[in-house]
Amino acid sequence: MSVKSVIRGVGAALPKRRVDNAELAAQVDTSDEWIVERTGIRSRYIAGEGETTGTLAADACRQALARAGIAAADIDLIVLATATPDQTFPSTATKVQAMLGIPDAIAFDVQAVCSGFLYALSVADSMLRGGNARRALVIGAETFSRILDWEDRATCVLFGDGAGAVVLEAEDGGERGILATRLHADGRHNEMLYVDGGPSTTGTVGKLRMKGREVFRHAVVNLHDVLGEVLEAADLSVADVDWVVPHQANARIIDATARKLGLSADRVVLTVDRHANTSAASVPLALEVAVQDGRIKPGDIVVLEAMGGGFTWGAAALRF
Ligand code: COA
């Protein structure tokens, strides 16, 4: 019988402090008008004291578990996607495990920057289908505010903090679940979007650097192509798709990708206006919004996609 990984619950967590464009414009040389026109972003959440990637991830997991009706102790796999871990090591996944009181599980972090949640989902799906685990927490969690150069207006206005999580359970012979995933990376483009520090080079954490225009150009092409691939792998056409939940980097990238694919905008979940780009957290955060407001329903065909530093990119098609 074929095993599929089914999403049983989705959870989210945002820092307490919401920062709108006007507040940012009081600190750096920018304007609400410029940010909205170029990106669609109106506000973001910024982690305060005591709020970390790990605490946000744990909060998102608690909500996902409660909605799934599954006890933390029944989780046997934790895959956490982040580029902003609490510490260089141990993994933030093991910190979340401890915070949730899970006595034994496989737990590790995945580093694929903004595509991290797609990578984590794909790895967890493979492990569930391979019989290594039955119930997984798959998490995207970030505190990008801590690696931003707050004097670089071209990047600091684009990002925010947050965490999203799903509970994934292996099910035998059902219709629902992940139908296909596709992942890619092209390391020749490292310098387009990177952090200028690290434990083995500078010994510092570093700050985010980006060539925005080049990233934009690659994003539309790569996302269009990987969406086509994942639909083909799942034996679906664009017309079968109920909802696309894209990485929330920029409303213009999302619009351009949807248009290139022939997807109408009313089937695309957009949360970049309220969350900004939360890197690995953005897809599960957007998924949570659309599930909670009743747009995404059990049985719907949902496609997730993301692209990020590396470059890395990927997509997943599932019956929710
Ligand atoms: N406020 C006001 N002006 C700003 C600004 C800001 N926050 N940031 C940059 N500018 C200025 C620039 O200095 C430049 O001025 P100049 O023409 O006098 O030199 C002008 O705006 C245009 O800059 P440019 O970088 O060419 O703008 P753009 O139209 O490419 O938009 C991005 C910039 C970053 C919004 C856009 O390139 C983008 O979204 N790229 C993708 C980024 C992304 O999604 N990254 C994450 C992927 S995971």
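The values are calculated or read from the model by the stated rules, or taken from the named source; none is laboratory data. Only a predicted model underlies this, so the values are computations on that prediction, with no experimental measurement involved. Methodologically, a virtual Cβ is constructed for each residue, glycine included, from the backbone with ideal geometry; neighbour enumeration extends over all protein chains shown.
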Single residue of S115, S2 found to be on the phi < 0 side of the Ramachandran plot and modelled with pLDDT under 95:
S2
Condition first: over 26 Å from L231 (Cβ atoms) and of a type in the set (S, T, Y). Now tell me which residues in segment 177-213 satisfy that.
Y194, S200, T201, T202, T204
Residue check for L231: away from the ligand (no atom under 15 Å from the Cβ), surrounded by 16 or more Cβ atoms within 10 Å (Cβ to Cβ) and either modelled with pLDDT under 95 or in the same structural domain as D266 (by TED's automatic domain parsing) (or both):
yes
Taking segment 145-185, which residues are outside any strand (DSSP E or B), among the small types (G, A, S) and more than 16 Å from the ligand (Cβ to nearest atom)?
G173, G174
Run down R267, R252, R274, R295 and say which single residue is surrounded by fewer than 21 Cβ atoms within 10 Å (Cβ to Cβ) and under 20 Å from I46 (Cα atoms).
R274
Could you give every pair whose Cβ atoms fall below 6 Å, whose first residue belongs to segment 152-163 and is free of Cβ contacts under 8 Å to residues at least 40 places away in the same chain, and whose second residue is part of a helix (DSSP H, G or I) and more than 6 Å from the ligand (Cβ to nearest atom), counting only separations of at least 6 or pairs across chains?
none
I'm trying to understand the selection: among the residues of segment 84-102, which are in contact with a helix residue (DSSP H, G or I) (Cβ under 7 Å, 6 or more places away or on another chain) and either in a helix (DSSP H, G or I) or modelled with pLDDT under 95 (or both)?
T92, K95, V96, M99, L100
Checking the structure you have, find out if any residue of segment 72-79 is within 30 Å of W150 (Cβ to Cβ) and in contact with a helix residue (DSSP H, G or I) (Cβ under 8 Å, 6 or more places away or on another chain).
no
Within segment 265-291, tally of residues that are away from the ligand (no atom under 16 Å from the Cβ) and touching a residue at least 40 places away in the same chain (Cβ under 8 Å):
6
If I ask for residues that are loosely packed, with under 14 Cβ neighbours inside 10 Å and either more than 16 Å from the ligand (Cβ to nearest atom) or closer than 30 Å to G69 by Cα (or both), which ones from segment 19-52 would you list?
G48, E49, G50
Report whether or not I78 is touching a residue at least 40 places away in the same chain (Cβ under 8 Å) and under 21 Å from L183 (Cα atoms).
yes
